[in-house]
Amino acid sequence: MDESPGLRERKKAATRLALHDAALRLAIDQGLDRVTIEAIADAANVSRRTFSNYFSSKEEAIFHGDTMRLRRMLELIREQPTDEQPWTVLTRAALRLTEESYLDADTEWLAHRRQLRGHPGLAAHQVAAYATVEREVAAELARRLGGDDAALRSRVLAATFLATVRVAVQGWIEHPEQPLLDAVRAALAAAAPAPTRPTDLAADPAP
C-alpha cells in the first residue's frame, strides 16, 4: 500500500531530525572539524546518499534546528493581524517563539551552544540562513506597509529585528542568569523604532 503524503512528510521530517541530532552530537563529542558526513549518516542509520538528499553539508545539518526556529518565526509573523504596527507584530512573534523553543533549554544545551558558537563554518551558514529569512520577513512587512518607501522601511525593520533577537539570544547563552524571555523583550523594546513625523525628515538640518 502506498504511503499517504502526510505519512511520507512525517518520515522525512523524522529522518531530517535524526541527521541533525547525530551531527550535533558528533560535533560536540569530536569537534566540528573532525566530523564527516559519513559518520553522521552512520550515526543516524542512513546512507551517505540519504544524507545528501536532506542536507548539502554537515554545517547545514547542525544548523537545522536554528533553521526550523527561523521558519517558525516567519510563520508566527504571518499569523499576526495585518492592521497592527510592524514592530508590535515582530515583537509578539519573537516572544511567542521564545516561549515555544527556548524556555525548556537546560544547562547542557547551553554548554553545547557555547562550544559550537563562533565556529567559522557555522558562522558562515548562520549568515546565509539569516539573510534568507530576512528577505522573507521584509517581503511580509512590505505587504503590510504603505507608502513609496515601504520596500526600504521593511528591509530596515527586518534587519534590525533579526539582529536584535540574535544578539539577545547570544547574550543569554553567555549569561543565562536572566530569563531569556525577559532578555528578548528588553532587547526588542530598546531597538523599537521611535515614531518619526514626516516634517522632521523634511526639515533642513540646523547650521
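The values are calculated or read from the model by the stated rules, or taken from the named source; none is laboratory data. Predicted model only: the values in this text are computed from it and were never measured. FYI the Cβ positions are ideal-geometry reconstructions off the backbone, even for glycines, and counts take in every protein chain you see. Each accessible area value is taken on the protein alone, full model and side chains, heavy atoms only, with ligands, DNA and RNA left out. Shrake-Rupley method; radii C 1.70, N 1.55, O 1.52, S 1.80 Å.
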Exercise. Can you give the calculated 222 nm mean residue ellipticity of the chain, where each DSSP H run of n ≥ 4 adds -39,500 (n - 2.57) and the sum is split over every residue, rounded to the nearest 500 deg cm²/dmol?
Worked result: -24000 deg cm²/dmol
Problem set entry | Value of D in µm² per second that Stokes-Einstein yields for the chain, Kirkwood Rh from Cα pairs, at 4 °C (1.567 mPa s) | 67
Exercise. Averaged per residue, what accessible surface does the chain expose to a 1.4 Å probe, in Å²?
Worked result: 60
For this session: Measure nothing fancy, just the Cα-based angle from helix 107-116's long axis to the longest principal axis of the chain, in degrees from 0 to 90, nearest 10.
Result: 90
For this session: Quick one: what are the phi-derived ³J(HN,Hα) couplings along the stretch 43-52, Karplus 6.51/-1.76/1.60 with θ = phi - 60°, whole Hz, x for glycine and proline?
Result: 5, 8, 6, 9, 7, 4, 5, 4, 3, 5
For this session: Send over the semi-axes of the stretch 1-82's equivalent ellipsoid, whole angstrom and largest first, taken as the square roots of 5 times the C-alpha gyration tensor eigenvalues.
Result: 26, 19, 9
Problem set entry | Charge sum, other residues only, whose C-beta stays under 15 Å from residue 64's C-beta, Lys/Arg counted +1 and Asp/Glu -1 | +4
Problem set entry | Electrostatic dipole magnitude of the chain [Cβ: Lys, Arg +1; Asp, Glu -1; Cα centre; debye, to 20] | 400
Seminar exercise, completed: Correct response: the longest run of the chain lacking exposed GluC sites (Glu not before Pro), defined by DSSP loop and at most 16 other Cβ within 10 Å, is 85-176
Problem set entry | Per-residue ³J(HN,Hα) for the stretch 57-72, Karplus 6.51 cos²θ - 1.76 cosθ + 1.60, θ = phi - 60°, Hz, x for Gly and Pro | 7, 5, 5, 5, 5, 5, 7, 4, x, 5, 4, 5, 5, 5, 5, 5
For this session: Could you state the angle between the C-alpha long axis of helix 5-30 and the longest principal axis of the C-alpha atoms of the chain, as a value from 0 to 90 degrees rounded to the nearest 10?
Result: 80
For this session: Leaving ligands, DNA and RNA out of it, work out the accessible area of residue 56 with a 1.4 Å probe and give it in Å² to the nearest 10.
Result: 100
Seminar exercise, completed: Scalar couplings 3J(HN,Hα) for the stretch 141-150 by Karplus 6.51 cos²θ - 1.76 cosθ + 1.60 (θ = phi - 60°), nearest whole Hz, x for Gly and Pro, are 5, 4, 5, 8, 8, x, x, 5, 9, 4
Exercise. In the chain, carbon and sulfur make up what percent of the accessible area (probe 1.4 Å)?
Worked result: 52
